[in-house]
1. Rounded to the nearest 10 Å², what accessible area does residue 309 have for a 1.4 Å probe in the complete protein model?
2. Please quote Rg/Rh for segment 15-96 to two decimal places, taking the Kirkwood radius as Rh and restricting both calculations to Cα atoms.
3. How far apart, in nm, are the 7 Å Cα→Cβ label points at residue 257 and residue 351?
4. Based on alpha-carbon centroids, what's the gap between segment 313-362 and segment 23-39 in Å, whole number please?
5. Per residue, how big is the convex hull around the C-alpha atoms of the chain? Give it to me in cubic angstrom, could you?
6. Suppose R0 equals 41 Å; then what is the FRET efficiency for residue 94 and residue 280 from their Cβ-Cβ distance, rounded to the nearest 0.05?
7. Out of segment 180-287, which chymotrypsin sites (Phe, Trp or Tyr not before Pro) are coil in DSSP terms and have no more than 16 other C-beta atoms within 10 Å?
8. Using a/c under 1.5 as the rounded threshold, could you call segment 303-368 rounded, prolate or oblate? The axes a ≥ b ≥ c are square roots of the C-alpha gyration tensor eigenvalues, and prolate needs a/b larger than b/c, oblate otherwise.
Amino acid sequence: EKGGYPTFMDKEIAEQPTALADTLRGHFDGTAVILDEQRLGDDELRTIDKVFVVACGSAYHSGLVAKYAIEHWTRLPVEVELASEFRYRDPVLDRDTLVVAVSQSGETADTLEAVRHARRQGAKVLAVCNTNGSQIPRESDAVLYTHAGPEIGVASTKAFLAQVAANYLVGLALAQARGTKYSDEVAREFEALCAMSAAVEETLTLMEPVRELGRELANSRAVLFLGRHVGYPVALEGALKLKELAYMHAEGFAAGELKHGPIALIEQGLPVVVVTPSPKSQPVLHSKLLSNIREVQARGARTIVIAEEGDDTVAPFADTLIELPRVPSLLQPLVATVPLQVLAAEIARAKGFDIDKPRNLAKSVTVE
Ligand code: BG6
């Protein structure tokens, strides 16, 4: 049932183009974004004035990624919070608050309790979920299903990419309801999202250098990940994958924070993975990342640079260069996450670990 792949994770990484296409299919009818279940009036969506995304693990990272697009498209403030933190503080919630609960399983205890807490406070809850009929969508006011199919590997891959895409759809639905985007603009953004399936397919063909790198890094003690803007949550997700699968100390940092602490960690040979934005569409951020790459390389780090194809400026400072197809800036996480998944799986394989069932982890955590 692994379809010829050595592990479920390898199969699920390869299924990501399909997971994206299936998640998006049928959710835009030419004029409006369509949710799967909507027990909320359009007028209720229109008056939303604040959005929270609550989730755990990779699902939380999917919210961190989508925050940039949702705020940009809707002009609504978006807070992304770990469900386990959200439910034990006193978040400011009212009937005009939308809480987006993201969960692959739909059964994660902390996320479910966050949903219940939000509803008791009168907030509206929209579930982004991969499991039909699970508890979180049952208790929500609206549902958007990710159609990633069953995910067997404990560390999330295709469900994560599908969550990012679904969160973007939520952003487009809100933008349209609020009138910050007209349907022709929504149509263009939806098209761009749909085109990401082919971009991920292309990315998968560029993974040979990543596999080689994975074998080389198997004996490293630690790996750092740096990114900015949407590349920052990608760095966090890359570090999480490495902890989960390779039991290696891994940390993701916002690259702008480098000189406020993390740079003290740099020592000879330390692998540092840098998620670099497009030099063409994000020239200012790109030049800042380029300085970071040079700073860590000058201090002896082994630089692993994930960059857009044809980015000649970073190449001289990359000990390993991993190229990505050119895509719209806000959508780059959908391609940039892929090499980080492959890297973690490859290091785990080289170390002889169980890729589908990492030690101490469960696919769905239904207890606190
Ligand atoms: C963790 C899983 O325990 O739960 C992660 O190992 C997952 O892969 C997280 O991202 C959240 O799970 P869910 O089902 O709520 O998305």
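The values are calculated or read from the model by the stated rules, or taken from the named source; none is laboratory data. This is a predicted model, so every value here is computed, not measured. Positions of Cβ are generated from backbone atoms using ideal geometry, with glycine treated the same way; all protein chains shown enter the neighbour counts. Only protein heavy atoms, including side chains, enter the accessible area calculation; ligands, DNA and RNA are left aside. Shrake-Rupley method; radii C 1.70, N 1.55, O 1.52, S 1.80 Å.
1. 70
2. On the way: Rg = 14.7 Å, Rh = 14.9 Å.
Rounded to two decimals, Rg over Rh is 0.99.
3. 2.3
4. Their Cα centres are 31 Å away from one another.
5. On the way: hull volume 47.9 nm³, N = 368.
It is 130 Å³ per residue.
6. On the way: r = 42 Å, r/R0 = 1.03.
In this case the efficiency is close to 0.45.
7. Working: sites: 182, 190, 225, 247, 253; in loops: 182, 247.
Passing both the DSSP loop test and the Cβ count: 182, 247.
8. Numbers: a/c = 3.68, a/b = 1.80, b/c = 2.05.
It comes out oblate by the Cα gyration axes.
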